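A quick write-up on the structure given underneath.
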Amino acid sequence: MSIGDQMLPVDGLLSGDLPPRVFPTVDSVSFDPTAYIALPAIGVTSTVLSIQVDDGYIAVLRVMANVFVGAGWTEGSGALIWQLIDNDGVIRNYDNIVSSLGSVNNPQPLGGGAGILVQEGHVVKLNVNNVSLAVGGAQVGARLGGWFFPKSYLATAIPF
């Protein structure tokens, strides 16, 4: 097959028929921001990274990373707790994260690899709560990656 040849459908599906929650559409808009903040004081919850889903779009969150940069923290100790929030409600299975999920340069898949859908107009936040870690030059970082696709691609409403 040469560059000028027409591509054959995959399993009888044309590219426009692929589910937009799994494969970005031609008019999808990707996102992949990273952010770092200073470790908040003990007992304080802070937003490390947030993403706004514009009206008319659905977000597919595909990967996430949360990291601690500094000394004195042990994975799983509960001294830091991260939460992935959708419009002020925690996303199921991401409400009590006590370890790093990947790293900023190597994030982990979300939703078992299928991603997490977020409705238009919602704000997604990755928060960290410093339960008991002494502040002193440490930072926490985050990364969220995926894409926005026009909600017009949804033939039927998806129960969020």
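The values are calculated or read from the model by the stated rules, or taken from the named source; none is laboratory data. The model shown is predicted, which means the values in this text are computed figures rather than measured ones. Positions of Cβ are backbone-derived with ideal geometry, glycine not excepted, and every protein chain shown enters the neighbour counts. SASA here: full protein model, heavy atoms, side chains in, ligands and nucleic acids out. Shrake-Rupley method; radii C 1.70, N 1.55, O 1.52, S 1.80 Å.
Before moving on, here are some points about what is shown:
- Being within 15 Å of the chain's Cα centre (by Cα), outside any strand (DSSP E or B) and in contact (Cβ under 8 Å) with a residue 12 or more places away in the chain is a description that applies to residue 95.
- Single residue of segment 98-131 satisfying the filter (assigned to a loop (DSSP other than H, G, I, E, B) and in contact (Cβ under 8 Å) with a residue 60 or more places away in the chain) that is least open to solvent (accessible area, probe 1.4 Å): 115
- Test: residue 85 is part of a strand (DSSP E or B) and either without any contact (Cβ under 8 Å) to a residue 60 or more places away in the chain or touching a helix residue (DSSP H, G or I) at 6+ places or on another chain (Cβ under 6 Å) (or both): yes
- Inter-residue pairs, beta-carbon under 6 Å, first of a type in the set (Asp, Glu) and in segment 17-40, second surrounded by 12 or more Cβ atoms within 10 Å (Cβ to Cβ), 6+ apart: 32/145
Each row is one residue, and each column tells you yes or no for (1) assigned to a strand (DSSP E or B); (2) at pLDDT below 95; (3) open to solvent by 60 Å² or more (accessible area, probe 1.4 Å).
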| site | (1), (2), (3) |
| --- | --- |
| 2 | no, yes, yes |
| 8 | no, yes, yes |
| 21 | no, yes, yes |
| 40 | no, no, no |
| 49 | yes, no, no |
| 59 | yes, no, no |
